[in-house]
1. Yes or no: segment 141-161 includes at least one residue that is part of a strand (DSSP E or B) and farther than 18 Å from Val100 by Cα.
2. Could you check segment 127-151 and list, in sequence order, the residues that are out of contact with any Gly (no Cβ under 9 Å at 6 or more places or on another chain) and without any contact (Cβ under 8 Å) to a residue 40 or more places away in the chain?
3. Here is a list: Leu92, Leu109. Which entry is crowded, with 21+ Cβ neighbours inside 10 Å and free of Cβ contacts under 8 Å to residues at least 24 places away in the same chain?
4. Cβ-Cβ distance below 9 Å, separation of 6 or more or different chains: which pairs start in segment 8-23 with a residue that is over 22 Å from Lys43 (Cβ atoms) and in contact (Cβ under 8 Å) with a residue 40 or more places away in the chain and end on one that is of a type in the set (Lys, Arg) and surrounded by fewer than 17 Cβ atoms within 10 Å (Cβ to Cβ)?
5. From the list Asn54, Asn39, Asn121, pick out the single residue that is surrounded by fewer than 16 Cβ atoms within 10 Å (Cβ to Cβ), assigned to a loop (DSSP other than H, G, I, E, B) and polar (S, T, N, Q).
6. For Gly148, are the conditions met, namely being in contact with a Leu (Cβ under 9 Å, 6 or more places away or on another chain), at pLDDT 95 or above and under 19 Å from Val37 (Cα atoms)?
Amino acid sequence: MRFLVISDLHQKKSAIKWINAEIEASGADAVLFLGDVTNFGTKEEAADIVSSINSKVYVIPGNCDPLDLPEGMADVAVDMHGKAADVGGYRLVGLGGSNVTIFGTPFELSEEDLYDGLKKNASEGMILMTHAPSYGILDQIPSGASVGSPAIKRIVDEFHPILALSGHIHEAVGVVERNGTVFVNPGPAKSGHYAVADVSDGKAEVRLGRHKRLTSSARN
């Protein structure tokens, strides 16, 4: 099973062209969209963006998305916020929003809500898609401070996902393997970042990619 993984588009519609080109070039079976579809936009704007992606899309909201984004996805994608789905024989578990930030963004959750929202669907060896990262893993801001979620890290430690996908921290792009879990932050799609994840025989292999910078004449 091959996934194109994107996050943090922040309503940059001009990126849809290269996203669709990468879907075709990579042969991805589906797109996993890790949130921040919009930049403080509406569910209608989010639906318009997601409907332009030429693939089946599994999506969660980010902290900059509206609280009603999940219901806006009904006709255009598979809403994964607080839900699970069987995808290619693997259990995909999702939860959007972020842990509490200093910015007071629209979609923030307490650590308790993050833990409870994931645990109800979690299972050993799942594929985990969250907007916020696990505390201490791909979660460092430029100051060097870790701002990830302890609750998400606790879920990882308890259920050992084969793949733990997150975005949110634009500077923390990378792939890290720890204790059998491959952690991925694909980077912000608004800047051309993405990842391609292959899952087979209970293992994950991931490559990061970055599309060439869009020309200055491109319009959002």
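1. Within segment 141-161, none of the residues are part of a strand (DSSP E or B) and farther than 18 Å from Val100 by Cα.
2. Scanning segment 127-151 gives Ile141, Pro142, Ser143, Gly144, Ala145.
3. Going through Leu92, Leu109 in turn, the sole match is Leu109.
4. That search, which allows pairs on different chains as well, returns Trp18/Lys212.
5. The unique qualifying residue is Asn54.
6. Numbers: in contact with a Leu (Cβ under 9 Å, 6 or more places away or on another chain): yes; at pLDDT 95 or above: yes; under 19 Å from Val37 (Cα atoms): no.
No: the conditions fail for Gly148.
The values are calculated or read from the model by the stated rules, or taken from the named source; none is laboratory data. Please read all numbers here as calculations on a predicted model, not as lab measurements. So basically every Cβ, Gly included, is an ideal-geometry build from the backbone, and we count neighbours across all protein chains shown.
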